[in-house]
Amino acid sequence: MIIRSAKVIVTCPGRNFVTLKLETDEGISGIGDATLNGREMSVVAYLEEYILPALIGKDPQRIEDIWQYLYRGAYWRRGPVTMTAIAAVDVALWDIKAKVAGMPLYQLLGGKSREKVMVYSHATGLDIDSCLNEVRKKVELGYKAVRVQCGIPGLAATYGVAKVPGQPYEPADSRLPAEHVWSTEKYLNHVPSLFAAVRKEFGDDLLLLHDVHHRLTPIQAARLGKEIEPYHLFWLEDCVPAENQASFELIRRHTTTPLAVGEVFNSLHDCHELIQKQLIDYIRAPLSHAGGITNVRRIADFAAIFHVKTGFHGATDLSPVCMGAALHFDSWIPNFGIQEHMPHSEETDRVFPHAYKFSGGFFTPGEVPGHGVDINEELAAKYPYNPAQLPVNRLEDGTLWNW
Ligand code: KDG
Ligand code: MG
């Protein structure tokens, strides 16, 4: 069997998605997610110029060798563009292999370790009362775990918070980056009262998560972790930018609030110290940005030795193809923690028909051979690419800060 054709499909059914489709000479096809939010066309160019011509004629069953060829063989290693492109090829190849075997992907990985995959949803509001309303809606839908993000008094816009309550949140919202203003002091003064209110209203059983989106320094993160300890969060995410892995030692020394990191990571080299020193509890590097199943399996296996569980990134910029593959991975991986879930728009779901299903706060990946997600190319062609970038962030005095 050889790879006979390879193409990249760009579509925007409400937001941009990049999908790689590989076809074999035996008529079996596989797809992988190549979407990198706000930098979509850089992955398209990487795939079309450098990867796809080299794939034609290769045996699609040799997934590991192709992975090594694209990573080790390219000389220029790592980075989000490269690793998203490699991930798209890898997931498409696993899709093909599972279809050839006539099995759902989780069987090929080693079979199910659980019956269903717990996901967390997002509840956002401009103030605490509207947050409580949104949390209630999620609980009524059956979610057992909810990430809560709230507007901050005195700040015009806050990351993670929908502009209109109840509407989907999409941060990549303009041709050139929008500029937001941030105050760490205002944020730190507000967040503990948010979680006090949520716990008071919903009791102890609901799992609560919160994303700091890289905004703090380690000592500020230590303060936040300590102040919200009474509310027993499931995790506090990305409390500081994690290039300096050792900086988490300071946070860990001061708080027992569990920590999640890694949605911007693409390699074990980004997180080996965080994992090995047990400085985090959950690793979030998603299949689509971290070199696919072949590479994330290595990260997850390493993490298991150090009591670190998975909690994959699953915002709407990770396409249904990534979600489908992730749910197979989540079903199999022994050290699974939780999976993020933000519902895609109806148009997106129509462009990407899928076998995965939601019920009562959990997903199942479906039983069809492969990862169970397809692309309707005719429909995809009706939604042309619409350039949109993520915002940038400044402190109140104008200093550029982490978004
Ligand atoms: O593309 C960036 C988004 O996916 C990110 O801002 C969402 O932080 C995020 C999360 O935890 O889902
Ligand atoms: Mg995040």
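The values are calculated or read from the model by the stated rules, or taken from the named source; none is laboratory data. This one's a predicted model, so the numbers in the text were calculated from it and none came from an experiment. Note that we place each Cβ from the backbone using ideal geometry, even for glycine, and neighbour counts take in every protein chain shown. Remember, those area values only see protein heavy atoms, side chains included, never the ligands or the DNA or RNA. Shrake-Rupley method; radii C 1.70, N 1.55, O 1.52, S 1.80 Å.
For the stretch 108-368, with only Lys/Arg (+1) and Asp/Glu (-1) charged at the beta-carbon, what is the dipole magnitude about the Cα centre, in debye rounded to 20?
Values: 25 positive and 31 negative charges, 92 e Å.
Using Cβ point charges on Lys, Arg, Asp and Glu, the stretch 108-368 gives about 440 debye.
Please calculate the 1.4 Å probe accessible area of residue 399, with all protein chains present, and give it to the nearest 10 Å².
Spelled out: residue 399, probe radius 1.4 Å, area about 60 Å².
Please report the carbon-and-sulfur percent of the accessible area for the stretch 3-104; probe 1.4 Å, protein heavy atoms only, DNA, RNA and ligands left out.
On the way: 2070 of 4020 Å².
Accessible surface attributable to carbon and sulfur in the stretch 3-104 totals 51 percent.
What's the extension gain from residue 367 to residue 4 if we count 0.36 nm per residue and subtract their Cα-Cα distance? Walk me through the intermediate numbers first.
Numbers: separation 363, 0.36 × 363 = 130.68 nm, distance 2.68 nm.
Net length gain for the segment: 128.0 nm.
Considering only protein heavy atoms, what is the solvent-accessible area of residue 141 at a probe of 1.4 Å, reported in Å² to the nearest 10?
In the full protein context, residue 141 sits at about 100 Å².
What number results when the radius of gyration of the stretch 108-368, computed over Cα atoms, is divided by 2.2 N^0.38 Å? Walk me through the numbers on the way to the answer.
Values: Rg = 17.7 Å, N = 261, 2.2 N^0.38 = 18.2 Å.
Rounded to two decimals, the normalised Rg is 0.97.
Can you work out the Karplus-derived ³J(HN,Hα) for every residue in the stretch 109-118? Use 6.51 cos²θ - 1.76 cosθ + 1.60 with θ = phi - 60°, whole Hz, and x for glycine or proline.
Whole-Hz 3J(HN,Hα) from phi for the stretch 109-118: 6, x, x, 6, 9, 7, 7, 7, 10, 6.
So for the chain, averaging the separation of alpha carbon pairs under 8 Å that are six or more residues apart and normalising by length, what relative contact order in percent results?
Details: 881 pairs, mean separation 91.9, N = 403.
Answer for the chain is 23 percent.
In the Gaussian network model of the chain, springs joining C-alpha atoms below 10 Å, which of 155, 259, 70 carries the largest mean-square fluctuation?
Its mean-square fluctuation being the largest, the pick is 155.
For the stretch 208-256, what is the relative contact order in percent, using Cα pairs closer than 8 Å and at least 6 residues apart in sequence? Please report the intermediate quantities before stating the final value.
On the way: 67 pairs, mean separation 26.1, N = 49.
Relative contact order comes out at 53 percent.
How big is the shadow of the Cα convex hull of the stretch 62-166, averaged over all directions, in nm²?
Result: 10.6 nm².
From the phi angles alone, apply the Karplus equation (6.51, -1.76, 1.60; θ = phi - 60°) to the stretch 46-56 and give each ³J(HN,Hα) in whole Hz, x where the residue is Gly or Pro.
Each residue of the stretch 46-56 in turn: 4, 5, 5, 7, 10, 9, 4, x, 7, 7, 4 Hz.
Which far-off residues, 5 or more places away or on another chain, put their amide H under 5 Å from the one on residue 394, with H placed in the peptide plane?
180, 181, 182, 401
If the label point is 7 Å along Cα→Cβ of residue 115, which residues in the stretch 305-348 have backbone nitrogen under 20 Å from it?
In the stretch 305-348, the label zone of residue 115 (backbone N under 20 Å from the point 7 Å along Cα→Cβ) covers 327-339.
Once you've got the GNM for the chain with C-alpha springs shorter than 10 Å, pick whichever of 97, 382, 226 has the biggest mean-square fluctuation.
Comparing 97, 382, 226 in a Gaussian network model of the chain, the most mobile one is 382.
Could you give me the ³J(HN,Hα) list for the stretch 10-18, computed from phi with Karplus coefficients 6.51, -1.76, 1.60 and θ = phi - 60°, whole Hz, x at Gly and Pro?
10, 9, 9, x, x, 8, 7, 9, 10
Given the pairs 137/226; 21/58; 7/97, which are separated by over 22 angstrom at their Cα positions?
Correct reply: 137/226.
Counting heavy atoms of the protein chains only and a 1.4 Å probe, report the per residue accessible area for the chain as a whole number of Å². Don't jump to the answer; show the numbers that get you there.
Details: 16210 Å² over 403 residues.
I get 40 Å² per residue for the chain.
Determine how large the accessible area of residue 254 is when every protein chain is in place; take a 1.4 Å probe and give Å² rounded to the nearest 10.
Accessible area of residue 254: about 80 Å².
Just to be sure I understand the curve: with the Debye formula and one point per C-alpha of the stretch 3-104, what is log10 I(q)/I(0) at q = 0.11 Å⁻¹?
-0.30
Give me the extension gain from residue 54 to residue 42: residue separation times 0.36 nm, minus the current Cα-Cα distance, reported in nm with one decimal.
Numbers: separation 12, 0.36 × 12 = 4.32 nm, distance 1.80 nm.
Length gained between residue 54 and residue 42: 2.5 nm.
Within the set of other residues whose C-beta is less than 13 Å from the C-beta of residue 394, count the net charge using Lys and Arg as +1 and Asp and Glu as -1.
Numbers: positive: 215; negative: 179, 396, 397.
Value of the local net charge: -2.
Taking amide H positions as placed 1.01 Å from N in the peptide plane, with prolines and chain starts having none, which residues 5 or more places from residue 34, or on another chain, fall under 5 Å of its amide H?
Those lying under 5 Å, H to H, from residue 34 are 18, 19, 20.
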